[in-house]
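One structure is given here, and the rest of the page talks about it.
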Amino acid sequence: MREYGWSQQRADSMLALVAMAWGSSYLLMKIGLDGIPPFCIIALRFGIAFIAVSLLFFEKFRKTTKCVMMKGAVLGLFLFGLFAFLMHGLQTTSASNGGFLTSTTVVLVPIFHGVIKKKMPDHQNILSILLTMTGICLLTLQQSLVFHSGDILCLAGAAVYAVQILLTDKFAQEEDGMLLGIWQLGFAALYGVICTFMFETPTLPSSGSQWIAILGLAFVCSAFGFVMQPMAQKYTTPEHTGLLFALEPVFSAVFAYIFLHETLSGKGYMGAMLVMAGVVAASVVRKKKQPVRVAAHQL
C-alpha cells in the first residue's frame with residue numbers, strides 16, 4: 001500500500017476544505033428544515049453518511065476494535081449534541097445571533113485546551129483569536145445581541161463543539177482517524193433515531209429539493225467532513241482546528257451570494273477579511289511540525 005506524508009500544512013488545508021463543506025450546510029439545512037424536524041434531519045444525514053462510508057471503506061471498517069467503537073460513541077454523542085443544540089436554538093433566535101454564538105468555539109477551544117494543559121495560549125494564538133472573533137462579529141452580528149432561550153442553546157452547542165474538537169485531537173492520536181470518523185457518524189445517527197421516535201414524528205423528505213438537501217448534508221458535509229476531520233486533525237493543533245473552522249461563516253456567505261444572490265454589507269466584507277487574517281496569522285509564523293509518514297486510507 002502506498003504511503004503519503006502528512007505535514008501540518010496539508011492537514012490545515014484539509015481542515016479548510018472541511019470548513020468549506022460545512023459552510024454549504026447552512027443552505028442545505030435551511031431547505032431541509034422546511035418540513036423535516038431537527039432530530040430526524042440528524043438521523044437521516046448521519047445515517048446515510050455512515051452507511052455510505054462504511055461500505056466504501058469496508059475492508060478497513062472490518063478492522064474495527066471495541067476501543068474504537070467506544071471512542072466513536074463518545075465523539076458521536078458530542079457531534080449529535082452540537083447539532084441538536086444548534087438546530088433547536090435557531091428556532092428561537094436569529095441566524096446572526098446563532099452564527100456568532102456558535103462561532104465562539106474559536107475562543108473556547110484554546111481556553112479549554114489551556115485549562116487542560118494548565119497553560120495560556122501563546123501570543124500568536126491570542127492575536128489570531130482576537131482577529132477571528134472580531135471578524136465573526138462583523139460578519140454575522142447584524143443587530144444588538146439580546147439573549148433568548150435560543151442563544152443559550154447556541155452557546156451550549158459551541159461548548160459541546162469545543163469539547164468534541166479536543167476529544168477528537170486526543171482520540172486521533174490513539175486510534176485510526178478514519179474508523180473514528182466512521183463510527184462517530186453511526187452513533188450520531190443512532191442518537192438521532194432514538195430522539196426522533198421519542199420526541200418527533202419520523203418524516204422522510206417530501207420533495208426533490210429536500211432529498212437533494214439531505215443527500216448533500218449526508219455526503220458532502222457529513223461523510224467527507226466528519227471523516228476527514230479526525231484524519232487531518234491528528235497532524236495539527238486543536239487551536240488551529242478551531243481557527244480554520246472559523247472559515248465556515250465566510251464560505252457560508254460565499255455560497256449564499258452564489259446561490260441565493262445575497263450580498264454582504266461593507267461591515268460583513270470587512271469581517272470576512274479579518275477572519276482570513278486570523279487564519280493566516282495562525283499559520284505563517286509558527287513552529288512547523290515535521291512531516292509524518294503514514295499509510296494511505298485508500299481514498
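The values are calculated or read from the model by the stated rules, or taken from the named source; none is laboratory data. Please read these numbers as outputs of a predicted model, since none were measured by experiment. So basically every Cβ, Gly included, is an ideal-geometry build from the backbone, and we count neighbours across all protein chains shown. Protein only, heavy atoms only, side chains kept; ligands, DNA and RNA dropped before computing areas. Shrake-Rupley method; radii C 1.70, N 1.55, O 1.52, S 1.80 Å.
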Single match in GLN173, GLN184, GLN164 (criterion: of a type outside the set (Lys, Arg), modelled with pLDDT of 90 or more and closer than 26 Å to ALA281 by Cα): GLN164
Got at least one residue in segment 110-122 being open to solvent by 10 Å² or more (accessible area, probe 1.4 Å), over 18 Å from ILE165 (Cα atoms) and either aromatic (Phe, Trp, Tyr) or assigned to a helix (DSSP H, G or I) (or both)? no
For the structure I just gave you, tell me whether CYS67 is more than 20 Å from THR105 (Cβ to Cβ), in contact (Cβ under 8 Å) with a residue 24 or more places away in the chain, surrounded by fewer than 17 Cβ atoms within 10 Å (Cβ to Cβ) and among the hydrophobic types (A, V, I, L, M, F, W, C). yes
How many of the residues making up segment 278-299 are within 27 Å of TYR26 (Cα to Cα), modelled with pLDDT of 55 or more and open to solvent by 40 Å² or more (accessible area, probe 1.4 Å)? 1
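For the condition touching an Asp or Glu at 6+ places or on another chain (Cβ under 9 Å) and assigned to a helix (DSSP H, G or I), what is the one hit in GLY81, GLY47, GLY72, GLY76?
GLY72
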Filtering helices (runs of 4 or more DSSP H) wholly in segment 159-247 for at least 3 residues that are within 26 Å of LEU127 (Cβ to Cβ) gives 225-233, 238-245
Yes or no: PHE255 of a type in the set (Phe, Trp, Tyr), modelled with pLDDT under 90 and under 15 Å from LEU15 (Cα atoms)? no
Failed item in (1) part of a helix (DSSP H, G or I); (2) of a type outside the set (A, V, I, L, M, F, W, C); (3) modelled with pLDDT of 80 or more, with ASP151 passing the rest: (3)
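Per-residue answers, yes or no, for (1) in contact with a Lys or Arg (Cβ under 8 Å, 6 or more places away or on another chain); (2) open to solvent by 30 Å² or more (accessible area, probe 1.4 Å); (3) over 30 Å from ASP169 (Cβ atoms):
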{"site": "PHE197", "(1), (2), (3)": "no, yes, yes"}
{"site": "SER209", "(1), (2), (3)": "no, yes, yes"}
{"site": "GLY216", "(1), (2), (3)": "no, no, no"}
{"site": "PHE219", "(1), (2), (3)": "no, yes, no"}
{"site": "VAL227", "(1), (2), (3)": "no, no, no"}
{"site": "MET231", "(1), (2), (3)": "no, no, no"}
{"site": "PRO238", "(1), (2), (3)": "no, no, no"}
{"site": "SER252", "(1), (2), (3)": "no, no, no"}
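Determine if segment 26-45 includes at least one residue that is of a type in the set (Ser, Thr, Tyr) and within 22 Å of MET178 (Cβ to Cβ). Outline the logic, then answer.
First, pick out the residues of segment 26-45 that are of a type in the set (Ser, Thr, Tyr): 26.
Filter once more, keeping what is within 22 Å of MET178 (Cβ to Cβ): none.
The answer is no, given that none of the residues of segment 26-45 is of a type in the set (Ser, Thr, Tyr) and within 22 Å of MET178 (Cβ to Cβ).
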